[in-house]
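The values are calculated or read from the model by the stated rules, or taken from the named source; none is laboratory data. The model shown is predicted, which means the values in this text are computed figures rather than measured ones. Positions of Cβ are backbone-derived with ideal geometry, glycine not excepted, and every protein chain shown enters the neighbour counts. The protein model used for the area step is the full one, side chains on, heavy atoms only, and it has no ligands, DNA or RNA in it. Shrake-Rupley method; radii C 1.70, N 1.55, O 1.52, S 1.80 Å.
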Amino acid sequence: MQFALNEDQVAIRDMALAFAAEKIAPHALRWDEEKHFPVDVMREAAALGMGGIYIRDDVGGSAMSRFDAALIFEALATGCPTTSAFISIHNMASWMIDAFGSDTQRHQWLPKLCTMELIASYCLTEPGAGSDAAALRTRAVRDGDHYVLNGQKQFISGAGGTDLLVAMVRTGGDGPGGISTLVIDGKTPGVSFGANERKMGWNAQPTRAVMFENARVPVVNRLSEEGVGFRIAMAGLDGGRLNITACSLGGAQTALDKARAYMKERKAFGKRLDEFQALQFRLADMAIELEAARTFLWRAAAALDRKDPDATMLCAMAKRFGTDVGFEVANHALQLHGGYGYLSEYGIEKIVRDLRVHQILEGTNEIMRLIVARKLIEGAR
C-alpha cells in the first residue's frame, strides 16, 4: 500500500496539474458552450506522454502504471473533467491494442495513437445493449479475408471526430463467447455517424451513434482470436473505471476549491460564510469523503498494477464509491455558492453536469454493486 507519493509520482502529477491549469482550465467553459472538441490541446498533452500512458515504450508509449494514470487523469480533470475523460477513453482503447494485438498491429497503430495523431474511440454499447453488454447484436460475418459488419453502436465518445474505432462485434453465437474485437478505420465505406447528441454535460467531446451497413473490415484487424472480445472489453473496463473515478475526483476537487474561495469572500448576516460552523462542517465532510475516495482509488490502481485476484472487484468498488462522492461533493459546492452556483460563469454547474454521467458510464454504479455482490457470494461458497 502507498500512503505517500514518491518523487517521480509527484513530478508526474505536478506536470499534469500545470498542463491543466495552463492549457485546459482557461478554455473549459468556452469548450462546453461551443461544444468544441479540443484535439489540438489533447495532442499537446500527448506530446508530454499522456496519449499512451500505460502503453509499452517500444511503440512510443510512456510505459507508466495504472497508479500513475490515476494521478494524471485526476490532475487533468481539475481543468476539465470532460477533456480528461476523453483522453482516458483514448488511452483505454489504445491499451486494448497494446495488450491484445499482434506485434504487427501494435506497430501499425500505436505510434500514432500515442502522439494522438490518430485518435481512438471505444465501441461497446448499443441501443439495446448497455448494462447487458453480452447481448450486443452488431454482426460481423466472415467473407474471405474481410468481415462484413452490420449494426449500430450508441453513446460513442468522440465518434465522428476520431480515426479508429475499437469495436466489440458478434462473430459467433449468442452470449459473451460469440464476441470479437475489431479495429476499424473510421473512414471505412459503410461506416456512418449519427448527429452529435445534445447532452446534459460532457459537451467538449462529441457523442454519436456509429452505424455499420455492409462495412468491410479486414480480418487482420481483429485483436486476438474470435470469441475473446468480451474478455478484452471487460479487461479494458477495469482500468477505464479507475480512470473515470480519477476524473470525478479531479472535478470535485476543483469544485471544493472554488467553494472554499467563495466562502472566504461572501458574507451573510454580517459574517463570512466560512465563519458559520454548519458550513465549516459541510466543507470538512466534503474533504473527508474526497480523501477517502482518493485513497480507495489508489488502492484499486495498485491492485490492478500487481494483477491482484481481487482487482476487478476493487476497481468496481472504487468506481461506485468515487463517482458517487465526486458528484455529491460538486453538488454540495454548488449549494454553497447559493444562486451564483447556478450561473455558468462560476464554473460549478458545468462540473456538476460533467460528473453526473460518471455514475452511468464504464458500467453503471448499479452494475458495480452487482460485480461486488457476485464476488462476495462466490467467495462465501
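Across the stretch 119-135, what is the total count of residues that are at pLDDT 95 or above and farther than 9 Å from K153 by Cα?
4
Which one of F327, F321 is farther than 19 Å from L273 by Cβ, surrounded by 15 or more Cβ atoms within 10 Å (Cβ to Cβ) and touching a Leu at 6+ places or on another chain (Cβ under 7 Å)?
Exactly one of F327, F321 is farther than 19 Å from L273 by Cβ, surrounded by 15 or more Cβ atoms within 10 Å (Cβ to Cβ) and touching a Leu at 6+ places or on another chain (Cβ under 7 Å), namely F327.
Could you check A21 against (1) surrounded by 15 or more Cβ atoms within 10 Å (Cβ to Cβ); (2) under 22 Å from E345 (Cβ atoms); (3) aliphatic (A, V, I, L, M) and say which number it fails?
Just one mismatch for A21, condition (1).
Which one of these does D68 not meet: (1) surrounded by fewer than 24 Cβ atoms within 10 Å (Cβ to Cβ); (2) touching a Lys or Arg at 6+ places or on another chain (Cβ under 8 Å); (3) closer than 20 Å to G236 by Cβ?
Just one mismatch for D68, condition (2).
For the stretch 330-366, give me each residue that is open to solvent by 40 Å² or more (accessible area, probe 1.4 Å) and β-branched (V, I, T).
V357, I360
Only residues that are within 21 Å of the chain's Cα centre (by Cα) and β-branched (V, I, T): list them for the stretch 99-135, please.
Within the stretch 99-135, T115, I119, T125 qualify.
Can you spot a residue in the stretch 219-230 that is open to solvent by 50 Å² or more (accessible area, probe 1.4 Å) and either among the acidic types (D, E) or without any contact (Cβ under 8 Å) to a residue 60 or more places away in the chain (or both)?
yes
Need at least 3 residues that are touching an Asp or Glu at 6+ places or on another chain (Cβ under 7 Å) per element, so show me which helices (runs of 4 or more DSSP H) inside the stretch 259-359 make the cut, counting only ones lying wholly within it.
277-305, 311-336
Testing A311 on (1) in contact with a helix residue (DSSP H, G or I) (Cβ under 9 Å, 6 or more places away or on another chain); (2) open to solvent by 10 Å² or more (accessible area, probe 1.4 Å), one condition comes back false. Which one is that?
For A311, the failing item is (2).
Which condition number in (1) touching a Cys at 6+ places or on another chain (Cβ under 8 Å); (2) open to solvent by 50 Å² or more (accessible area, probe 1.4 Å) is the one that L304 fails?
Against the list (1) touching a Cys at 6+ places or on another chain (Cβ under 8 Å); (2) open to solvent by 50 Å² or more (accessible area, probe 1.4 Å), L304 comes up short only on (2).
Is there any pair linking a residue in the stretch 364-377 that is over 11 Å from D324 (Cβ atoms) to one that is in a helix (DSSP H, G or I) and of a type in the set (S, T, Y), with Cβ under 9 Å and at least six apart or on different chains, and which?
So the pair list comes out as I371/T312; K375/T312.
Does L279 meet the test of being surrounded by fewer than 23 Cβ atoms within 10 Å (Cβ to Cβ), at pLDDT 95 or above and not aromatic (F, W, Y)?
Values: surrounded by fewer than 23 Cβ atoms within 10 Å (Cβ to Cβ): yes; at pLDDT 95 or above: yes; not aromatic (F, W, Y): yes.
Yes, satisfied.
Could you check the stretch 235-251 and list, in sequence order, the residues that are more than 15 Å from R320 (Cα to Cα) and either in contact with a strand residue (DSSP E or B) (Cβ under 9 Å, 6 or more places away or on another chain) or at pLDDT 95 or above (or both)?
G236, G250, G251
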